[in-house]
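Down below is the structure, laid out as structure tokens.
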Amino acid sequence: MAKRKIIKIDEEKCNGCGVCIPNCPEGALQIIDGKARLISDIFCDGLGACIGHCPQGAITTEERDAEEYDEKKIMKNIARAGKNTIIAHLKHLKDHGETGYLKEALEFLEEREIEVDFNEKTDIHSFQPQGCPGSKTMDFSDEKINEIEESGTRTSQLRQWPVQFHLIPPNAPYFQGKDVLLVADCVGYSLGDFHKDYLKDRSLAIACPKLDSNLDVYLSKLTSMIDDAKINTLTVITMEVPCCSGLLGLAKKAMENASRKIPVKSIVVSIKGEILKEEWI
């Protein structure tokens, strides 16, 4: 065994809804005894395609000792499920830039003379590693930006420190009875008017549901902010990438755990800084 990234399922958060199952192209997840389970380390590639589809925020990734992912065994299982499932898996590997695994999968199909309509077969050496969908490389620097001339220096609206969720004390004075923003790390870099339109007159906590560890600490802190600090409202701002939705799942779970009920708003931002969705939940 060697240390590698692999998914981790929080059984207390998981409600067995099964939404993650069809969103795991390798078939590594099953509902057993009412909970989502990782049936074997060798079926999990650690890319986290299932994370953003969990409404409870129960799935994260961790680095631990685990058996190596085995593409050939994956293909043996997938081949039984039919050609549509095979194509979905091949596309998953291509989209994640997994050139080596894709080559193994195509060799498996060729050895067994299984023909599928997958037109990327001859292009495997041109794939560029892109990681999970949330880290897919995109360059839109040539696109025209509608620039507005401004004079002077814009004042920061930040009125507290620290801001990273692991560091903030949930009962800090700047949370007492305040309107609070729970914001994905990348939002402030994408949303041009973040300070002016969203941070002003609000307290802030930033987090990344994909990369941060010990998310149970976040859940405990957020519940305490609702019940003990008696925050007034909570606005959760996330990016459009799938894994980011785990932050909203965390907020929903905290609301279930808290004895107080407060208004919660969800805002989703595109990678180009557009507001895609804004709603009270």
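The values are calculated or read from the model by the stated rules, or taken from the named source; none is laboratory data. Keep in mind that this is a model prediction, so the values were computed, not measured. Ideal geometry is used to build each Cβ from the backbone, glycine not excepted, and the neighbour counts take in all protein chains shown.
If you check Gly52 against the conditions, is it part of a loop (DSSP other than H, G, I, E, B), surrounded by 14 or more Cβ atoms within 10 Å (Cβ to Cβ) and under 22 Å from the mean Cα position of the chain (by Cα)? So that I can check it myself, show each step before the final result.
On the way: part of a loop (DSSP other than H, G, I, E, B): no; surrounded by 14 or more Cβ atoms within 10 Å (Cβ to Cβ): yes; under 22 Å from the mean Cα position of the chain (by Cα): yes.
When the stated conditions are applied, Gly52 does not pass them.
Looking only at the stretch 73-85, how many residues end up being under 14 Å from Ala28 (Cα atoms) and among the basic types (Lys, Arg)?
Summing the residues that are under 14 Å from Ala28 (Cα atoms) and among the basic types (Lys, Arg) in the stretch 73-85 gives 2.
Return the only residue of Glu26, Glu11 being surrounded by fewer than 14 Cβ atoms within 10 Å (Cβ to Cβ) and in contact (Cβ under 8 Å) with a residue 24 or more places away in the chain. Give the derivation first.
On the way: Glu26 fails: surrounded by fewer than 14 Cβ atoms within 10 Å (Cβ to Cβ).
Result of the check over Glu26, Glu11: Glu11.
Restricting attention to the stretch 189-223, which residues are more than 17 Å from the chain's Cα centre (by Cα) and either assigned to a helix (DSSP H, G or I) or not assigned by TED's automatic domain parsing to the domain that holds Ser270 (or both)?
Selection gives Tyr189, Phe194, His195, Lys196, Asp197, Tyr198, Leu199, Val217, Ser220, Lys221, Leu222, Thr223.
Would you please name the residue that is modelled with the highest pLDDT, looking only at residues in the stretch 17-35 that are under 26 Å from Leu102 (Cβ atoms), touching a strand residue (DSSP E or B) at 6+ places or on another chain (Cβ under 9 Å) and not in a loop (DSSP other than H, G, I, E, B)?
Leu29
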